[in-house]
Amino acid sequence: MCGNRCPGNGLALVCLAVAALMCLGMGGLGEREVVTKIPRPDRFFNVEVVDVEDVSFSLREFSMDGLTLLPVTAGKAQISLDFAEITEARFYLQGDRVQATVTFKNGSSRDFFMEPDLSFFGLTDWGKVNLEAGDIRRITFKEQVTHPPAAD
């Protein structure tokens, strides 16, 4: 009686083992999701971003989750800094928050704090980019584009 059932059970066991190994291999994708689209910003800025591994990205349509404001705090105050007024922002991870040293177009500079998990988005010629504030070393604001690019 076993002669008819055992080959099928053996094949099922092999298929189960292969499926289990394939599922283990899928863990290599990491915690991050694939960036399939970016939020369309309310205004259009071209920037250069350098991440904490010294990789540089020239980005267009740069935004903080679709907004062209840098959400920071100073003391107990919550502040939204307009991208149009910023020349450069340097980020320093300090425990559970990021210190942002912001240089403004008028030449002044000031330190603020922000959350490390804020998402920044932009486009390159070769793909869509998403970086969290805690993964960024520097943002240099190159120019504000007055005419929106053609929609994808």
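The values are calculated or read from the model by the stated rules, or taken from the named source; none is laboratory data. Quick caveat: nothing in here was measured; it's all calculated off a predicted structure. Quick reminder, even Gly has a Cβ in these numbers, built from the backbone with ideal geometry, and neighbours come from all protein chains shown.
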Condition met for Ala133 (at pLDDT below 95 and small (Gly, Ala, Ser)) = no
ask   = Restricted to the stretch 101-148, and to residues that are touching a residue at least 24 places away in the same chain (Cβ under 8 Å) and touching a Leu at 6+ places or on another chain (Cβ under 7 Å), which residue is nearest to Val34 (Cα to Cα)?
value = Val129
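Can Thr73 be described as of a type in the set (S, T, N, Q) and either touching a helix residue (DSSP H, G or I) at 6+ places or on another chain (Cβ under 7 Å) or surrounded by 14 or more Cβ atoms within 10 Å (Cβ to Cβ) (or both)?
Here the answer is yes, as Thr73 does meet what is asked.
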Hits in the stretch 44-68 - residues which are buried (at least 17 other Cβ atoms within 10 Å of the Cβ), more than 13 Å from Lys142 (Cβ to Cβ) and either at pLDDT below 95 or in contact with a helix residue (DSSP H, G or I) (Cβ under 7 Å, 6 or more places away or on another chain) (or both) = Thr68
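Per-residue answers, yes or no, for (1) of a type in the set (Phe, Trp, Tyr); (2) at positive phi; (3) under 19 Å from the mean Cα position of the chain (by Cα):
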| residue | (1), (2), (3) |
| --- | --- |
| Glu53 | no, no, yes |
| Gly107 | no, yes, no |
| Phe112 | yes, no, no |
| Phe120 | yes, no, yes |
| Gly134 | no, no, yes |
